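The structure appears right after this line, and notes come after that.
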Amino acid sequence: MEPEGQSAATLAPDIATIEALALAALNRLPAEFRAHLGDVVVRVEDFADDAVLANMGIDDPFSLSGLYHGRPLSEKSSMDSGALPDMIFLYRRPLLDEWAETGVTLEALVTHVLVHEVGHHFGLSDADMHALEELAG
């Protein structure tokens, strides 16, 4: 039930909305990239947990909008076994703050952060990530 005087149009997008935008962005990536993302899990949480922030030396949880957790494909071996799946985390509250501050569409912002994290999965340079983002935009 929505709070009195508010409708879905006036509430901040929830985790499910951000997740839907992220999955749509993944589906817009070129097929040759999507083929190597099948085992990557995308999770949306409000913030990174305290352990992640501490490990990265980040004091302000609003400064981290996305994170890739895993080994880039170029570092993987067929001998790897028992490892947890690679994961891309998107952090809703920092994304919403950046969305409000920049005026870009939420879809464009989620796509930008997601593509950056996908780039880490592939071991791409920042220039390569920018080119990939253009394809997914």
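Coordinate-derived values only; no laboratory data. Bear in mind the structure is a predicted one, so any value in this text is a computation, not a measurement. Quick reminder, even Gly has a Cβ in these numbers, built from the backbone with ideal geometry, and neighbours come from all protein chains shown.
Annotations for the structure displayed:
- The equivalent ellipsoid of region 11-57 has semi-axes of 24, 17, 7 Å, largest first, where each one is the square root of 5 times an eigenvalue of the Cα gyration tensor.
- In this label model, His130 and Asp97 are separated by 2.6 nm, measuring between points 7 Å along each Cα→Cβ vector.
- Relative to its residue count, region 87-137 spans a Cα convex hull of 74 Å³ per residue.
- Between the beta carbons of Ala108 and Arg34, assuming R0 = 22 Å, the FRET efficiency works out to 0.65 to the nearest 0.05.
- For the peptides 27-38, 57-68, the ranking by mean Cβ contacts within 10 Å, running from highest to lowest, is 57-68, 27-38.
- Charge tally in the Cβ shell below 14 Å around Leu23, where Lys, Arg are +1 and Asp, Glu are -1, Leu23 excluded: 0
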